[in-house]
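Visitor: After the structure tokens below, expect a handful of questions from me.
The values are calculated or read from the model by the stated rules, or taken from the named source; none is laboratory data. All values derive from a computational prediction rather than experimental measurement. As a convention, Cβ positions derive from the backbone with ideal geometry for all residues, glycine included, and neighbour counts pool all protein chains shown.
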Amino acid sequence: MDFLKLAQKRKSIRAYLDQKVEREKLINCVQAALLAPSACNSQPWKFIIVDQPEIREKVAQTANNPLLPINQFVQKTPVIVVIVCEPGNLTSRLGGKIKKKQFQYIDLGIAAQHFCLQATSLGLGTCIIGWFDEKKLKKILQIPDNKEVGLLITVGYPENEKKGQRKRKRLEEIFSFNSY
């Protein structure tokens, strides 16, 4: 698939069919994430694929907030991928301190997008989520306290693929040549 067509096809999906996602496809998505660039090739991530219904339901509850009606769709998601942010290697951590940037978060975002684009190419839908109760999530998945959960990605077969246009800024608004 042409890359621009793939990028246009990828959308944040919030309604999924009640259909099991094949583990081979999920592993294929992690393989794509593994190919993502990272600062000093540190690959500062670990993917936890949650597809067991009992555990998935508990993980989904961590994305809900009773005060805000967001992320309720996660309850009906066949798979939730939890991305744990690992510390980068020594070189990337040192560079991050010098440049006052936390490269592992940038790297994690790139890997997550590789995962999502591969999922799209396989006919799956995804939605990246940053709102969740990290403390509860760590307890459910036995993630060590000294680790940080970066993102969740919901994965499944889209219930319906709306063909409408996503709102985007005009191209001219987001770039310039040679100066701001």
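Visitor: Among the numbered criteria (1) at positive phi; (2) over 18 Å from the mean Cα position of the chain (by Cα); (3) not aromatic (Phe, Trp, Tyr), which one does Gln43 miss?
Guide: That leaves (2) as the condition not met.
Visitor: Okay, next question. How do the pairs read when you match residues in the stretch 94-111 that are of a type outside the set (D, E, K, R) with residues anywhere that are part of a loop (DSSP other than H, G, I, E, B), using Cβ under 6 Å and keeping only pairs 6 or more apart or on different chains?
Guide: Gly96/Gln102; Phe103/Gly88; Gln104/Pro44; Gln104/Gly88; Ile110/Ala36; Ala111/Ala36
Visitor: Further, regarding this structure: Taking the stretch 101-159 as the region of interest, how many residues are within 23 Å of Thr91 (Cα to Cα), part of a loop (DSSP other than H, G, I, E, B) and of a type in the set (D, E, K, R)? Steps first, please.
Guide: Taking the stretch 101-159 as the starting set, the residues that turn out to be within 23 Å of Thr91 (Cα to Cα) are 101-112, 146-150.
With part of a loop (DSSP other than H, G, I, E, B) added as a condition, the list becomes 101-102, 146-147.
Restricting the remaining residues to those that are of a type in the set (D, E, K, R) gives 101, 147.
Matching residues across the stretch 101-159 total 2.
Visitor: Can I ask one more? For the condition within 22 Å of Ile140 (Cα to Cα) and among the charged types (D, E, K, R), what is the one hit in Lys97, Lys76, Lys101?
Guide: On the way: Lys97 fails: within 22 Å of Ile140 (Cα to Cα); Lys101 fails: within 22 Å of Ile140 (Cα to Cα).
It is Lys76.
Visitor: Let me ask something additional. I'd like the full set of residues that are assigned to a loop (DSSP other than H, G, I, E, B) and either under 18 Å from the mean Cα position of the chain (by Cα) or touching a residue at least 40 places away in the same chain (Cβ under 8 Å) (or both), limited to the stretch 52-69.
Guide: Thr62, Ala63, Asn64
Visitor: Just to be sure I understand, how many residues within the stretch 1-57 are among the hydroxyl-bearing types (Ser, Thr, Tyr), more than 13 Å from Lys76 (Cα to Cα) and in contact with a helix residue (DSSP H, G or I) (Cβ under 8 Å, 6 or more places away or on another chain)?
Guide: Of all residues in the stretch 1-57, those among the hydroxyl-bearing types (Ser, Thr, Tyr) come to 12, 16, 38, 42.
Imposing the further condition that a residue be more than 13 Å from Lys76 (Cα to Cα) reduces the set to 12, 38, 42.
Filter once more, so that each one left must be in contact with a helix residue (DSSP H, G or I) (Cβ under 8 Å, 6 or more places away or on another chain): 38, 42.
Counting residues in the stretch 1-57 that are among the hydroxyl-bearing types (Ser, Thr, Tyr), more than 13 Å from Lys76 (Cα to Cα) and in contact with a helix residue (DSSP H, G or I) (Cβ under 8 Å, 6 or more places away or on another chain) gives 2.
Visitor: List, please: which pairs have Cβ atoms under 8 Å, are six or more places apart or on different chains, and start with a residue in the stretch 120-149 that is within 23 Å of Leu68 (Cα to Cα) and end with one that is of a type in the set (Lys, Arg) and at pLDDT 95 or above?
Guide: Short answer, once both residue conditions are applied: Lys138/Lys147; Ile140/Lys58; Val149/Lys138.
Visitor: Could you list, ordered by first residue, the pairs with Cβ atoms under 9 Å in which the first is in the stretch 3-25 and part of a helix (DSSP H, G or I) and the second is modelled with pLDDT under 95, at least 6 apart or interchain?
Guide: Going by the 9 Å Cβ cut-off, the qualifying pairs are Gln8/Arg166; Lys9/Met1; Lys9/Glu161.
Visitor: If you don't mind, there's one more thing I want to ask. Can you tell me which residues in the stretch 96-121 are in contact with a Cys (Cβ under 7 Å, 6 or more places away or on another chain) and within 17 Å of Val79 (Cα to Cα)?
Guide: Residues satisfying the conditions are Phe115, Gln118, Ala119.
Visitor: Among the residues of the stretch 21-50, how many are surrounded by fewer than 17 Cβ atoms within 10 Å (Cβ to Cβ) and either acidic (Asp, Glu) or in contact with a Pro (Cβ under 8 Å, 6 or more places away or on another chain) (or both)?
Guide: 2
Visitor: Out of the residues in the stretch 65-88 that are modelled with pLDDT under 90 and surrounded by fewer than 17 Cβ atoms within 10 Å (Cβ to Cβ), which is farthest from Glu159 (Cα to Cα)? Let's see the steps before the verdict.
Guide: Our first condition is that a residue be modelled with pLDDT under 90; within the stretch 65-88, this holds for 65-70, 87-88.
Those still in the list that are surrounded by fewer than 17 Cβ atoms within 10 Å (Cβ to Cβ) too: 65-70, 87.
Working: Asn65: 24, Pro66: 25, Leu67: 27, Leu68: 24, Pro69: 20, Ile70: 19, Pro87: 37 Å.
That would be Pro87.
Visitor: Is it the case, given these coordinates, that Ile48 is outside any helix (DSSP H, G or I), at pLDDT below 95 and hydrophobic (A, V, I, L, M, F, W, C)?
Guide: Values: outside any helix (DSSP H, G or I): yes; at pLDDT below 95: no; hydrophobic (A, V, I, L, M, F, W, C): yes.
So Ile48 fails the test.
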